[in-house]
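For reference, the structure is listed below as structure tokens.
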Amino acid sequence: MQNNDKLAEILFQFVEKNDNTEIKPLGAGHINDSYRAKSGDNEYVLQRINHQIFKDVAQLQNNIMRVTDHLRRKLEEKNISNIDRRVLNFLPTHDGKLYYKDTEGNYWRVMDFISDSKSYEAINPELAYRAGLAFGDFQKELADLPNGPLFETIPNFHNMEFRLEEFKEAVEKDAAGRVAKVSDLIKEIEARAEEMTKPERLHREGLLPKRTNHCDTKVNNILFDSNDQVLCVVDLDTVMPGYVLSDFGDFMRTGANTGEEDDTNLDNVSIDLDIFEGYTKGYLENAASFLTDVEVDNLAFGAKLLTYMQTVRFLTDYLNGDTYYKTKHKEHNLERTLAQFKLLTSMEDNFDKMQQIVSEAAAKN
Ligand code: GN1
Ligand code: MG
């Protein structure tokens, strides 16, 4: 975290200098640093982009501009009012760049803050239905994005084969001396590796397409207004080609968990089938028209996969000595791993019901 004068100086690369400027930390992201900045009559989000993770910031920002420009055009075509609340608006620097690199080598960007909006860490089935509509719409609107596929801001981001390679390396290196402590968990992960790499095989066989996906459809990446209507989808860093089952699955991993992502009381953690059903209905209402049968058949699997993937990613980071995710204390990544693994077993126990919910919703669209 940086001191306020420095932050204000960075903000003024994008907006006019104003003596009445106040900047405070914002949000709960694990990767970037976000701040809410009030400057005169305006409010902004100032973000430090984690360039250890997003290695090509110019391409990243270029993706985001392509996506937001396209979504804005779609909203204009539909004559939607208050478009500035329905899609993120990024500000260029005074010399017209989409990001600013400070003297310490950090990368920054600024977007308008959407006032009177909120995000949820936990929701109910009706809000899940609205979130499903929103993410379905997001994929639908981006299906005709011109000028070819987006840049992969993190290569192999949701590629389970790749994530398992990273995991195996971490086990072999045992950089933090933690392998012995988690040997049972390692076996659980290995036992599911074959099942969980199915999408990559389907893709190679030409049976599972890549589409423009959000790739971080956490429940808290949807903004709602004060009447709980969806305003827009946020956190566009990872919008890139991927399997739709990823986006479906990552929402369920976060939104349909009765506990927290890092819950230390594992009794709190399980799959909430009512939320699962709400989201599925909303999502398929907007997405069924463009999905193939293979994609629909693998949505429920996507929930298991993304929960498994997150288990593997948290455990890999734990084994590497906590080098990727921000952590609040020494065992945080292990607590996250255990909570995600508990959610995975709950999904496994309820998988038939999840499949049934998807087929029933698909039959109606
Ligand atoms: C990270 O920090 P946030 O919420 O944007 C991560 C996601 C993980 C998530 C786990 C770039 O997202 O992939 O699913 O943490 N983003 C990146 O909560 O790795
Ligand atoms: Mg993110």
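What follows is calculated from the coordinates using simple rules that are stated; it is not laboratory data. Note that the structure is predicted; figures quoted are calculated from it, not measured. Neighbour counts run over all protein chains shown; Cβ positions are idealised from the backbone, glycine included.
3J(HN,Hα) couplings calculated from phi for the range 109-117 with the Karplus curve 6.51 cos²θ - 1.76 cosθ + 1.60 (θ = phi - 60°) are, in sequence order, 9, 9, 10, 5, 7, 8, 6, 6, 10 Hz; Gly and Pro show x. What share of Cα pairs, in percent, lie more than 17 angstrom apart in the range 169-231? Counting pairs separated by more than 17 Å, the tail of P(r) holds 69 percent. Between the listed residues ASN20, MET252, ILE10, the Cα displaced farthest toward the positive end of the dipole of the chain, a dipole computed from Cβ unit charges relative to the Cα centre, is found at ILE10.
For the range 87-212, the mean projected area of the C-alpha convex hull, equal to one quarter of the hull surface, is 13.9 nm². Taking a ≥ b ≥ c as the square roots of the eigenvalues of the Cα gyration tensor, the range 125-363 is prolate, since a/c reaches 1.5 or more and a/b is larger than b/c. Once you reduce the range 218-262 and the range 110-161 to the center of their Cα atoms, the two points are 6 Å from each other.
By how many nm would the segment from ASP84 to GLN52 grow when fully extended, if each residue of separation counts as 0.36 nm and the alpha-carbon distance is taken off?
Numbers: separation 32, 0.36 × 32 = 11.52 nm, distance 3.08 nm.
That pair, ASP84 and GLN52, stretches by 8.4 nm at full extension.
One decimal place: the segment ASP5-LEU273 gains 91.7 nm when fully extended, by the rule 0.36 nm per residue minus the C-alpha distance. Each residue, ASN42 and GLU188, gets one label point 7 Å from its Cα in the Cβ direction; the gap between the two is 4.9 nm. By the gyration tensor of its Cα atoms, with a ≥ b ≥ c the square roots of the eigenvalues, what is the shape of the range 4-112: rounded for a/c under 1.5, prolate for a/b over b/c, or oblate? Oblate, because a/c is 1.5 or more while a/b does not exceed b/c.
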